[in-house]
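First comes the structure, then the notes that go with it.
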Number of protein chains: 2
Amino acid sequence: MYDLLTGLSVIEASSFVASPTAGLYCAQMGAEVIRVDQVGGGPDFRRWPVTKANDSLYWENLNRAKKSVALDLGRPEGRELLQALVRATGQFITNFPVDGFLSHPTLAEGRPDLITVRVMGWAHGAPALDYTVNNSVGYPMLTGAGPEPVNHVLPAWDLLTGAYAAFALLAAIQRRSATAMGGEVRIPLSDVAIGTVANLGGVAEVLYTGVNRPRLGNAVYGLFGRDFVTADGERTMIVVVTPRQWANLVAALGLGEAIAALEASRGVTFATDDGLRFAHRDALYPMFECAVAARSLKDLTAAFDVGGIVHSPYRTMLNAVQDRALVADNPIFGQADNPSGFAYPAAGAFATLPQSERQPPRAAPRNGAHSEEILADRLSLPSGEIARLIDAGIVGIA
Amino acid sequence: MYDLLTGLSVIEASSFVASPTAGLYCAQMGAEVIRVDQVGGGPDFRRWPVTKANDSLYWENLNRAKKSVALDLGRPEGRELLQALVRATGQFITNFPVDGFLSHPTLAEGRPDLITVRVMGWAHGAPALDYTVNNSVGYPMLTGAGPEPVNHVLPAWDLLTGAYAAFALLAAIQRRSATAMGGEVRIPLSDVAIGTVANLGGVAEVLYTGVNRPRLGNAVYGLFGRDFVTADGERTMIVVVTPRQWANLVAALGLGEAIAALEASRGVTFATDDGLRFAHRDALYPMFECAVAARSLKDLTAAFDVGGIVHSPYRTMLNAVQDRALVADNPIFGQADNPSGFAYPAAGAFATLPQSERQPPRAAPRNGAHSEEILADRLSLPSGEIARLIDAGIVGIA
């Protein structure tokens, strides 16, 4: 938690990964992020992983440091309260449909400077998820050794979309500060995906070559980078992106003469050109396989670290989480209460600001924990009216 | 291109993916983003994919709509010019090392309100790349059918870090507007990766269960979602995240009776619970395999689209790029000149603002194309001095 966004308040009506992470990043930077949830929880409130008591370890991490107002969004009165909260606040993050009761034109009635950031599936409004836009743009056909397609496990498009949505919200606020203009910002997963293919050169590449890039297993396209197995059976990833790293890697593995001979026979030099190191991988990779297979991971790690060589052994997620430097002793983690009651290191903002004090991470809210506070403060509802709404099941409380 | 960030100027000294995308997203929203490049190009200036003339299709897409000042950063005079540009501008995005001539304390001398956003590898300063932090946190051991680890091809950590860096820059500017305080924002790839494992519930999960999640091939953890093969041999991904999608999928495939029988025999109901649909996948997936295998993709697509079911066939990147709806007719794409001379659809901002006019994408700069303009405007260098610097090879021009 840092206080970069102190004073900013955002209503969030969202589920799954993309839209909740946009709110999470804002909350971790000090914004007041008020989730408006269906009474009892939205569609992802019990999403796995869950505890034995069916509390979601997923939900309680994606919604840290936020507040929760619970409303029955199936009834007109609940929907009107959400609309009123959005109008009273002025900033809204959602993945609800473009049309309907949370359409931007509807919400902007009486609040012309409203900013709505909307995460979508397909740009035309049809539903899509990370795992379907991913195969729509072709990555599973490039992943793994083949011939079968391989899906990613990390919901990468959701995550990129969420961070971009947080950025777009602040950019829209910046314009509003200068011009008083609000508006809707739509961010479809499908456009994030195909736009990223373009940004990485993929659209240009397939149109230039007319063919798909070859499947490379665990090798990286266009440079020297791959997994290798050590003498003690460990698998490690080695990637070279600078001339110095290349020179130091060749030296660390004692491959200077062999590389020089290869360079002479093929009439090239590998000293400064990523592409040549990739183009001649048929000859280079076997040399490195032998050299890595002759030494232990420990021995190689010592040699590589001295040379500033980028490498890292493969490990499981459990091993990673047990690495004290990465979790227990990492300042981005801290203790926070959790709705599940299970205690474990909680993450704060990814960023570190050396000139500012990091505040500890906070818990996710219980469903409806802030209903009374927010309805009173934001909409000036009298306590009797709030009591009536609670009795009627329009408003839920924790 | 949109004009949300008009008036914002940023110096960018960066390479690879994360840091350049942070600048790209800002430039596509109207900021003036001035790359300071090594004369002749930095370490990724020729990164593959490249044309026959060795122009990088990767570089020219990651650096659209930016300006380029070329300096010899190997010489003190070139380094001092970069420092002076950063101080004169006040906002800086970089992946240069924490220490050295671009350290924040050095740059903030004489510019105490400077904001530096620095993308890093490991938080302690050692180098790391997307493909090594990825295996450090365990995803390759969960990807694919196993037993070998499978790297992702999409540089997901770089992309998430880049978008988060753009967000963090605007958040830091927001604080400075309120408090006049600058500062450094460090964003290590390693913290983005382990922090994301935590945000998705992964840290809690492995500590709660004490074991790693099973490898699931192309199935999604914790819900109903997997690839299926149609009667005509097409592979399609189907994912269910709402009760309505489940009901419609079961109906579309005529599986109502079979599912009811399974529910009766196992004493569960699948109507509303993602987790149960996952827990009983041993029985559910074979039913759906048979039902999907009996029908053509075209037939299934029609039935699924009517029911709002999230599905998408696998395709190659070339197929995706040839899909007119995704690229040629997609308003996020437009025409722009390219340094390579090759013409193809260029991407603009992922976001669409229905109330604002989208301006066409712009070209990446030639190395040093804006050296004279920026050194004159920003540092008030007289033309004779600029000419001397060019003659001395300290400054490069296009």
Inset, instruction - Take the Cα atoms of region A:191-278, build their convex hull, and give its volume per residue in Å³. - result: 140
Legend entry - Per-copy distances of the B:G307 label point, shortest first, in nm (7 angstrom along Cα→Cβ): 5.7
Inset, instruction - Could you pull the accessible area for A:R186 with a 1.4 Å probe, rounded to 10 Å²? - result: 60
Inset, instruction - Rounded to whole Å and sorted largest first, list the principal axis extents of the Cα atoms in region B:47-92. - result: 37, 23, 12
Inset, instruction - Could you pull the accessible area for B:S383 with a 1.4 Å probe, rounded to 10 Å²? - result: 100
Legend entry - Convex hull volume per residue in cubic angstrom - Cα atoms of the protein assembly as shown: 158
Inset, instruction - Starting from the amide H of A:A123, placed 1.01 Å from N in the peptide plane, find each other amide H under 5 Å away whose residue is 5 or more places distant or on another chain. - result: A:S190, A:D191
Inset, instruction - For region B:88-185, just list the percent of Cα-Cα distances falling in each 5 Å bin from zero outward, please. - result: 3, 12, 19, 18, 15, 11, 8, 6, 4, 2, 1, 0
Inset, instruction - Report, as an integer, the average count of C-beta atoms from other chains found within 10 Å of each Cβ along A:22-32. - result: 2
Legend entry - Column: log10 I(q)/I(0), Debye, Cα scatterers of region B:267-324, q = 0.16, 0.22, 0.27 Å⁻¹: -0.73, -1.05, -1.15
Legend entry - Lys/Arg +1, Asp/Glu -1 at C-beta; chain B dipole; positive extreme among B:L159, B:Q174, B:T236: B:T236
Inset, instruction - Report Rg (one decimal) and Dmax (nearest whole number) for region B:1-65, counting Cα atoms only, units Å. - result: 12.3, 38
Inset, instruction - Project the alpha carbons of chain A onto their principal axes and report the range along each, largest first, in whole Å. - result: 86, 47, 42
Inset, instruction - Write down, largest first, the equivalent ellipsoid semi-axes of region B:266-398 in whole Å, where each equals the square root of 5 times an eigenvalue of the alpha-carbon gyration tensor. - result: 56, 19, 16
Inset, instruction - Run through the DSSP bridge list for chain A and note the antiparallel percent, rounded to the nearest 5. - result: 40
Legend entry - Calculated log₁₀ intensity ratio I(q)/I(0) where the Debye formula runs over C-alpha points of region A:138-209, q = 0.15, 0.25 Å⁻¹: -0.67, -1.15
Legend entry - Accessible-area value, B:D37, 1.4 Å probe, nucleic acids and ligands omitted, Å²: 10
Legend entry - Note, ³J(HN,Hα) from phi for region A:234-244, Karplus 6.51, -1.76, 1.60, rounded to Hz, x at Gly and Pro: 7, 9, 9, 9, 10, 9, 10, 10, 9, x, 5
Inset, instruction - Would you pull out the residues with amide H under 5 Å of B:D37's amide H, same chain only if 5 or more places away, H placed 1.01 Å from N? - result: B:V69, B:A70, B:L71
Inset, instruction - Pop out the ³J(HN,Hα) list for region B:79-91 in order, Karplus 6.51 cos²θ - 1.76 cosθ + 1.60 with θ = phi - 60°, rounded to Hz; leave Gly and Pro as x. - result: 5, 5, 5, 5, 4, 5, 5, 4, 5, 6, 9, x, 10
Legend entry - Over region B:44-135 - Rg/Rh using Cα atoms and the Kirkwood inverse-distance radius: 1.01
Legend entry - Overall dimensions of region B:111-240 as given by Cα atoms, namely Rg and Dmax in Å: 19.2, 66
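The values are calculated or read from the model by the stated rules, or taken from the named source; none is laboratory data. Worth saying up front: this structure is predicted, and the values here are computed from it rather than measured. When we count neighbours, we look across all protein chains shown, and the Cβ atoms used for this are built from the backbone with ideal geometry, even at glycine. Calculation scope for accessible area: heavy atoms of the full protein, side chains included, ligands and nucleic acids excluded. Shrake-Rupley method; radii C 1.70, N 1.55, O 1.52, S 1.80 Å.
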